[in-house]
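These notes are about the structure you will find just below.
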Amino acid sequence: MLKKIPEIVKLQLDKKLPAPGKTGIDWFLYCYFLQQLKDKRFLEFGVGDGGSLMSMLAYSIDVTAVDNWNFKWDKKPVEDILTKINRNVTFINEDTLNLNVNNFNSYDFIHLDANKGFEETLHDLSFASKICNKVICVDDYMNSMWPEVTWAVDKFLLLNPTWRILIIGNHQVFITNTNVKINELIINLPIVIRNNIVYLTYGSLPIEIKPFCDAAELIYSWHPIAWK
(Lines give C-alpha, C1' and ligand atoms only; values in the text may rest on other atoms or scores of the structure.)
Protein backbone atom coordinates (compact mmCIF):
# COMPACT_ATOMS: atom_id res chain seq x y z
CA MET A 1 0.00 0.00 0.00
CA LEU A 2 1.05 3.63 -0.03
CA LYS A 3 3.08 4.15 3.10
CA LYS A 4 2.66 7.92 3.14
CA ILE A 5 1.33 10.33 0.56
CA PRO A 6 4.11 12.83 -0.27
CA GLU A 7 3.42 16.55 -0.08
CA ILE A 8 3.49 17.07 -3.85
CA VAL A 9 0.89 14.34 -4.38
CA LYS A 10 -1.23 15.86 -1.62
CA LEU A 11 -1.17 19.16 -3.50
CA GLN A 12 -2.27 17.31 -6.62
CA LEU A 13 -5.08 15.60 -4.73
CA ASP A 14 -6.18 19.02 -3.46
CA LYS A 15 -6.11 20.31 -7.08
CA LYS A 16 -3.38 22.82 -6.23
CA LEU A 17 -1.04 21.21 -8.76
CA PRO A 18 -1.83 19.54 -12.09
CA ALA A 19 -2.88 15.91 -11.70
CA PRO A 20 -1.97 13.10 -14.10
CA GLY A 21 -4.43 12.46 -16.91
CA LYS A 22 -5.33 9.11 -15.38
CA THR A 23 -8.32 7.50 -13.74
CA GLY A 24 -8.13 7.25 -9.97
CA ILE A 25 -7.02 3.64 -9.87
CA ASP A 26 -4.35 4.28 -12.51
CA TRP A 27 -3.00 7.25 -10.61
CA PHE A 28 -2.89 5.19 -7.43
CA LEU A 29 -1.07 2.33 -9.16
CA TYR A 30 1.33 4.82 -10.75
CA CYS A 31 2.24 6.27 -7.35
CA TYR A 32 2.36 2.78 -5.88
CA PHE A 33 5.18 1.70 -8.19
CA LEU A 34 6.96 5.04 -7.88
CA GLN A 35 6.96 4.43 -4.14
CA GLN A 36 8.48 0.95 -4.56
CA LEU A 37 11.27 2.53 -6.63
CA LYS A 38 11.63 5.61 -4.44
CA ASP A 39 14.80 7.68 -4.89
CA LYS A 40 15.68 5.86 -8.11
CA ARG A 41 16.15 7.48 -11.51
CA PHE A 42 12.90 8.15 -13.46
CA LEU A 43 12.23 9.06 -17.10
CA GLU A 44 9.10 10.35 -18.82
CA PHE A 45 8.23 10.57 -22.52
CA GLY A 46 5.47 13.16 -23.00
CA VAL A 47 5.13 15.81 -20.29
CA GLY A 48 1.90 17.61 -21.21
CA ASP A 49 0.83 19.90 -18.38
CA GLY A 50 3.15 18.08 -15.97
CA GLY A 51 0.71 16.03 -13.89
CA SER A 52 2.51 12.69 -14.14
CA LEU A 53 5.84 14.48 -13.85
CA MET A 54 4.78 16.07 -10.54
CA SER A 55 3.96 12.65 -9.09
CA MET A 56 7.38 11.42 -10.20
CA LEU A 57 9.03 14.33 -8.41
CA ALA A 58 7.21 13.38 -5.24
CA TYR A 59 9.29 10.21 -5.11
CA SER A 60 12.62 11.14 -6.72
CA ILE A 61 14.81 14.17 -7.38
CA ASP A 62 16.48 12.48 -10.36
CA VAL A 63 13.88 12.86 -13.11
CA THR A 64 14.38 13.34 -16.85
CA ALA A 65 11.53 14.41 -19.13
CA VAL A 66 11.31 14.31 -22.93
CA ASP A 67 8.83 16.41 -24.92
CA ASN A 68 8.92 18.28 -28.21
CA TRP A 69 6.23 20.71 -26.99
CA ASN A 70 4.62 20.67 -30.43
CA PHE A 71 1.16 19.61 -29.30
CA LYS A 72 -1.16 21.86 -27.30
CA TRP A 73 1.11 21.95 -24.25
CA ASP A 74 3.45 24.76 -23.28
CA LYS A 75 6.67 24.18 -21.38
CA LYS A 76 6.71 27.47 -19.45
CA PRO A 77 3.76 26.70 -17.12
CA VAL A 78 5.50 23.45 -16.18
CA GLU A 79 8.75 25.31 -15.50
CA ASP A 80 6.85 27.85 -13.38
CA ILE A 81 5.38 25.04 -11.27
CA LEU A 82 8.83 23.49 -10.81
CA THR A 83 10.09 26.82 -9.52
CA LYS A 84 7.12 27.05 -7.19
CA ILE A 85 7.72 23.63 -5.65
CA ASN A 86 11.52 24.01 -5.78
CA ARG A 87 12.23 20.98 -7.95
CA ASN A 88 14.56 20.47 -10.89
CA VAL A 89 14.00 18.31 -13.95
CA THR A 90 16.39 17.45 -16.76
CA PHE A 91 14.41 18.41 -19.87
CA ILE A 92 15.15 17.06 -23.31
CA ASN A 93 13.26 19.17 -25.83
CA GLU A 94 13.03 16.66 -28.66
CA ASP A 95 10.71 14.30 -30.46
CA THR A 96 11.14 10.80 -29.01
CA LEU A 97 11.74 9.46 -32.53
CA ASN A 98 14.92 11.55 -32.78
CA LEU A 99 16.56 10.37 -29.57
CA ASN A 100 19.90 8.56 -29.33
CA VAL A 101 19.96 5.81 -26.74
CA ASN A 102 23.67 6.42 -26.11
CA ASN A 103 22.81 9.81 -24.61
CA PHE A 104 20.72 8.30 -21.82
CA ASN A 105 21.47 6.75 -18.46
CA SER A 106 19.63 3.71 -17.15
CA TYR A 107 16.32 4.21 -15.33
CA ASP A 108 14.28 2.15 -12.91
CA PHE A 109 10.92 3.59 -13.95
CA ILE A 110 9.94 4.95 -17.36
CA HIS A 111 6.55 6.48 -18.16
CA LEU A 112 5.52 6.50 -21.83
CA ASP A 113 2.80 9.00 -22.70
CA ALA A 114 4.09 10.79 -25.80
CA ASN A 115 2.94 8.99 -28.95
CA LYS A 116 -0.38 7.26 -29.63
CA GLY A 117 0.31 5.77 -33.06
CA PHE A 118 1.33 2.12 -33.52
CA GLU A 119 4.81 2.59 -35.03
CA GLU A 120 5.67 5.52 -32.74
CA THR A 121 4.59 3.70 -29.58
CA LEU A 122 6.47 0.57 -30.65
CA HIS A 123 9.56 2.72 -31.21
CA ASP A 124 9.26 4.33 -27.76
CA LEU A 125 8.85 0.93 -26.11
CA SER A 126 11.86 -0.52 -27.91
CA PHE A 127 13.91 2.52 -26.95
CA ALA A 128 12.79 2.44 -23.32
CA SER A 129 13.48 -1.28 -22.97
CA LYS A 130 17.16 -0.65 -23.70
CA ILE A 131 17.58 1.74 -20.77
CA CYS A 132 15.06 0.47 -18.20
CA ASN A 133 16.10 -1.66 -15.22
CA LYS A 134 12.72 -2.36 -13.63
CA VAL A 135 9.35 -1.01 -14.81
CA ILE A 136 7.91 0.67 -17.91
CA CYS A 137 4.45 2.20 -17.55
CA VAL A 138 2.58 2.74 -20.83
CA ASP A 139 -0.31 5.18 -20.62
CA ASP A 140 -3.56 4.61 -22.58
CA TYR A 141 -3.18 0.85 -22.84
CA MET A 142 -6.68 -0.64 -23.23
CA ASN A 143 -8.06 2.85 -23.90
CA SER A 144 -10.52 2.69 -26.79
CA MET A 145 -9.61 6.24 -27.78
CA TRP A 146 -6.04 5.15 -28.62
CA PRO A 147 -6.26 1.52 -29.82
CA GLU A 148 -2.88 1.58 -31.52
CA VAL A 149 -1.14 1.97 -28.15
CA THR A 150 -2.53 -1.41 -27.09
CA TRP A 151 -1.58 -3.00 -30.43
CA ALA A 152 1.96 -1.66 -30.09
CA VAL A 153 2.41 -2.95 -26.54
CA ASP A 154 1.11 -6.39 -27.48
CA LYS A 155 3.39 -6.46 -30.54
CA PHE A 156 6.38 -5.39 -28.47
CA LEU A 157 5.77 -8.18 -25.95
CA LEU A 158 5.41 -10.70 -28.77
CA LEU A 159 8.72 -9.61 -30.27
CA ASN A 160 10.50 -9.32 -26.92
CA PRO A 161 9.78 -12.38 -24.74
CA THR A 162 12.18 -11.14 -22.06
CA TRP A 163 9.53 -8.54 -21.17
CA ARG A 164 6.19 -9.34 -19.58
CA ILE A 165 3.08 -7.64 -18.30
CA LEU A 166 3.30 -6.94 -14.61
CA ILE A 167 -0.16 -5.48 -14.03
CA ILE A 168 -2.92 -3.79 -16.05
CA GLY A 169 -4.90 -0.87 -14.67
CA ASN A 170 -7.84 0.90 -16.29
CA HIS A 171 -5.95 2.60 -19.12
CA GLN A 172 -2.32 1.82 -18.47
CA VAL A 173 -0.07 -1.21 -18.28
CA PHE A 174 3.10 -1.86 -16.30
CA ILE A 175 5.65 -4.16 -17.90
CA THR A 176 8.91 -5.48 -16.53
CA ASN A 177 11.89 -7.54 -17.63
CA THR A 178 11.75 -11.24 -16.79
CA ASN A 179 15.03 -10.78 -14.88
CA VAL A 180 13.11 -8.74 -12.30
CA LYS A 181 11.53 -10.88 -9.60
CA ILE A 182 7.98 -9.85 -8.84
CA ASN A 183 8.63 -9.79 -5.10
CA GLU A 184 11.36 -7.19 -5.70
CA LEU A 185 8.53 -4.76 -6.49
CA ILE A 186 6.73 -5.61 -3.23
CA ILE A 187 3.29 -6.06 -4.75
CA ASN A 188 0.73 -5.94 -1.97
CA LEU A 189 -2.58 -5.54 -3.77
CA PRO A 190 -5.57 -7.81 -4.48
CA ILE A 191 -3.87 -9.81 -7.23
CA VAL A 192 -3.52 -13.27 -8.66
CA ILE A 193 -0.37 -14.54 -10.35
CA ARG A 194 -0.63 -16.98 -13.25
CA ASN A 195 2.28 -17.97 -15.50
CA ASN A 196 4.41 -15.26 -13.88
CA ILE A 197 1.94 -12.50 -14.86
CA VAL A 198 0.23 -10.44 -12.19
CA TYR A 199 -3.48 -9.72 -12.59
CA LEU A 200 -5.38 -7.13 -10.60
CA THR A 201 -8.47 -8.87 -9.22
CA TYR A 202 -11.85 -7.67 -8.05
CA GLY A 203 -10.88 -7.91 -4.40
CA SER A 204 -11.13 -4.94 -2.07
CA LEU A 205 -8.68 -2.21 -2.94
CA PRO A 206 -6.92 -0.34 -0.12
CA ILE A 207 -8.71 2.60 1.44
CA GLU A 208 -5.85 4.86 0.28
CA ILE A 209 -7.18 4.69 -3.24
CA LYS A 210 -10.28 6.78 -2.46
CA PRO A 211 -8.58 10.23 -2.48
CA PHE A 212 -7.11 9.42 -5.90
CA CYS A 213 -10.48 8.42 -7.30
CA ASP A 214 -12.11 11.53 -5.85
CA ALA A 215 -9.41 13.85 -7.20
CA ALA A 216 -9.32 12.18 -10.62
CA GLU A 217 -13.06 12.54 -11.10
CA LEU A 218 -12.61 15.54 -13.42
CA ILE A 219 -9.51 14.29 -15.17
CA TYR A 220 -11.40 12.48 -17.92
CA SER A 221 -14.29 14.90 -18.14
CA TRP A 222 -13.51 15.61 -21.82
CA HIS A 223 -14.17 11.99 -22.76
CA PRO A 224 -16.17 10.38 -19.93
CA ILE A 225 -17.08 7.31 -22.01
CA ALA A 226 -13.46 6.21 -21.75
CA TRP A 227 -13.64 5.58 -18.03
CA LYS A 228 -17.25 5.52 -16.76
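The values are calculated or read from the model by the stated rules, or taken from the named source; none is laboratory data. These numbers were taken from a predicted model, which means no experiment stands behind them. With ideal geometry, Cβ positions are generated from the backbone for all residues, glycine too; neighbour counts draw on all protein chains shown. Accessible surface is based on the protein model in full, side chains and every heavy atom, while ligands, DNA and RNA are left aside. Shrake-Rupley method; radii C 1.70, N 1.55, O 1.52, S 1.80 Å.
Taking D39, D62, D214 in turn, the Gaussian network model of the chain (Cα-Cα springs below 10 Å) assigns the largest fluctuation to D214. Among the trypsin sites (Lys or Arg not before Pro) found in the stretch 146-208, those both in a DSSP coil and sparsely packed, with 10 or fewer other Cβ atoms within 10 Å of their Cβ, are K181. When the surface is traced with a 1.4 Å probe over the full set of protein chains, T150 keeps roughly 20 Å² accessible.
Based on the alpha-carbon gyration tensor of the stretch 86-207 and its eigenvalue square roots a ≥ b ≥ c, which shape applies: rounded if a/c is under 1.5, prolate if not and a/b is larger than b/c, or oblate? List each step's numbers first, then the result.
Working: a/c = 1.59, a/b = 1.42, b/c = 1.12.
In terms of gyration-tensor shape, prolate.
Residues within the reach of a label modelled at F71 (point 7 angstrom out along Cα to beta-carbon, backbone nitrogen below 12 Å), restricted to the stretch 77-96, are 96.
Can you give the % of DSSP beta bridges in the chain that are antiparallel, to the nearest 5?
45 percent
Placing unit charges on each Cβ (+1 for Lys and Arg, -1 for Asp and Glu) gives the stretch 72-167 a dipole about its Cα centre, and among I131, F118, L157 the Cα reaching farthest toward its positive end belongs to I131.
Take the chain, connect every pair of alpha-carbon atoms lying under 10 Å apart with a spring to form a Gaussian network, then pick out the residue of D26, D74, D124 with the largest mean-square fluctuation. Among D26, D74, D124, the largest GNM mean-square fluctuation belongs to D74.
Near V63: Cβ cut-off under 12 Å, other residues only, Lys/Arg at +1 and Asp/Glu at -1. The net charge is -1. Couplings 3J(HN,Hα) of the stretch 138-143, computed from phi: 10, 6, 6, 5, 6, 9 Hz, in residue order, whole Hz [Karplus 6.51 cos²θ - 1.76 cosθ + 1.60, θ = phi - 60°; x for Gly and Pro]. The HN-Hα couplings worked out from phi for the stretch 70-81 by the Karplus form 6.51 cos²θ - 1.76 cosθ + 1.60 (θ = phi - 60°) are 9, 8, 8, 8, 10, 6, 4, x, 5, 4, 5, 5 Hz, whole numbers, x standing for Gly and Pro.
For the chain, the fraction of C-alpha pairs farther apart than 29 angstrom is 20 percent. Result for the chain in a Gaussian network model with C-alpha springs under 10 Å: among Y30, Y202, Y107, the largest mean-square fluctuation is at Y202.
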